[in-house]
Amino acid sequence: MVAHRVEKLKVRFAYMILLPHMLVGAVLGAKIHSYFIILPVALALHFFLDCLPHWEYEKKKLSRLFGAKFQLFIFKALLDLALGLAAVWWLFGGSLYLKYVIFSVFISILPDGLTLINRLSHGRIKFLDKLQLFHEKIHPRDNRKLVVGGLVLEALAVGFVIYIVVYAKNF
């Protein structure tokens, strides 16, 4: 029933690129050294960032993507993940709190990973249908019009993270 409602949304399946989520998660893990606090805060920050207008690469209905289009989607997602991991390592690789940074980065991108799993399983994992419905409802409705503004907002978010890293203590 929930899967049917998700399909009725007819919203293109798209996300903020992973890099901003990962950098915000990394700063969180560098500043908060408790797994129990990181878990809910990182999840809340993920959804907060998704509420903001942002640029994203499209992920049309994955059930319709095969061959070259699906391979291109996977390539973009893996490149995004690799760039995010490289940026996190460059900024936080020497941190005394690296284990919290890694945990927080993982939790910060977990909702997108779970939604992808739900799409690939065609909604067979019922509790993920509810997560996907929530995830899609909080996204701005038409991010295709937000390419320039979305890139600016994401660049500001990344710049803010770098500012915190450069000027904050205890890294």
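The values are calculated or read from the model by the stated rules, or taken from the named source; none is laboratory data. Note that this is a predicted model, so its numbers are computed, not measured. So basically every Cβ, Gly included, is an ideal-geometry build from the backbone, and we count neighbours across all protein chains shown. Surface areas here come from the heavy atoms of the whole protein model, side chains and all, with no ligands, DNA or RNA. Shrake-Rupley method; radii C 1.70, N 1.55, O 1.52, S 1.80 Å.
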Quick one: is residue 52 aliphatic (A, V, I, L, M), within 18 Å of residue 138 (Cα to Cα) and modelled with pLDDT under 90? yes
Given the conditions (1) without any contact (Cβ under 8 Å) to a residue 60 or more places away in the chain; (2) open to solvent by 60 Å² or more (accessible area, probe 1.4 Å), report the number of the one that residue 93 does not fulfil. (2)
Would you mind stating whether residue 116 is under 14 Å from the mean Cα position of the chain (by Cα) and at pLDDT 85 or above? no
From 103, 160, 66, grab the single residue that is closer than 18 Å to residue 21 by Cβ and either open to solvent by 90 Å² or more (accessible area, probe 1.4 Å) or modelled with pLDDT under 70 (or both). 160
